[in-house]
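A short worksheet on the structure shown next.
The values are calculated or read from the model by the stated rules, or taken from the named source; none is laboratory data. Here the structure is a predicted model, which is why all the values come from computation and not from measurement. When we count neighbours, we look across all protein chains shown, and the Cβ atoms used for this are built from the backbone with ideal geometry, even at glycine. Surface areas here come from the heavy atoms of the whole protein model, side chains and all, with no ligands, DNA or RNA. Shrake-Rupley method; radii C 1.70, N 1.55, O 1.52, S 1.80 Å.
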Amino acid sequence: GDGLLTAQDARWRAQRRAASPLFSPKNVLSFGAPMAAAADALVERWLRRRDGSVIDVQKAMARVTLDTLQRTILADGLGCAPEDFMAALTDYFESIGQLDPFDLGALSGTLAGFFMMRPSKATSTLQ
């Protein structure tokens with residue numbers, strides 16, 4: 001793939017340079033209010049729940065992360081419903097398995113090569 005997570009070598013470097021202005025100190029400082037708004041939305045969702053209902057915290061944190069990304073650096077949104085994006089992301093990470101720190105030492109080239117092992121359906125949604 002040619003996405004930032006899957007590109008390699010010169011293509012990865014070019015994409016990394018293109019994305020770096022998003023993370024300048026000035027831009028990062030502007031993320032505070034949107035991040036607080038995403039956290040407030042999470043709290044509101046939790047307050048609307050019935051007493052005794054169970055919260056899947058991992059799923060809730062994934063959703064607030066996507067909400068934060070949409071409010072800060074993804075001006076055009078995710079390109080699909082958040083639930084579809086989360087399902088594709090789950091498929092992606094389940095396909096590569098658990099990353100062991102010792103795996104990193106055995107990799108040649110970039111870490112991006114490791115991420116080439118993923119299902120095409122998840123990859124097409126994430127790209």
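At a glance:
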read-out: Hits in the range 61-92 - residues which are open to solvent by 40 Å² or more (accessible area, probe 1.4 Å), assigned to a helix (DSSP H, G or I) and acidic (Asp, Glu); value: Glu83, Asp84, Asp91
read-out: Among residues of the range 7-41, those that are touching a Leu at 6+ places or on another chain (Cβ under 8 Å), open to solvent by 60 Å² or more (accessible area, probe 1.4 Å) and not charged (D, E, K, R), counted; value: 1
read-out: Number of the exception - Asp56 against (1) at pLDDT 85 or above; (2) acidic (Asp, Glu); (3) surrounded by 11 or more Cβ atoms within 10 Å (Cβ to Cβ); value: (3)
read-out: The range 63-81 residues that are more than 15 Å from Ala37 (Cβ to Cβ), paired with ones that are open to solvent by 50 Å² or more (accessible area, probe 1.4 Å) and polar (S, T, N, Q) (beta carbon under 6 Å, 6 or more apart); value: Gly77/Gln70
read-out: Residues that are assigned to a helix (DSSP H, G or I) and either within 18 Å of the chain's Cα centre (by Cα) or over 21 Å from Leu74 (Cβ atoms) (or both), drawn from the range 45-60; value: Trp46, Leu47, Val57, Gln58, Lys59, Ala60
read-out: Which numbered condition Glu44 misses (of (1) within 22 Å of Leu89 (Cα to Cα); (2) acidic (Asp, Glu); (3) open to solvent by 60 Å² or more (accessible area, probe 1.4 Å)); value: (1)
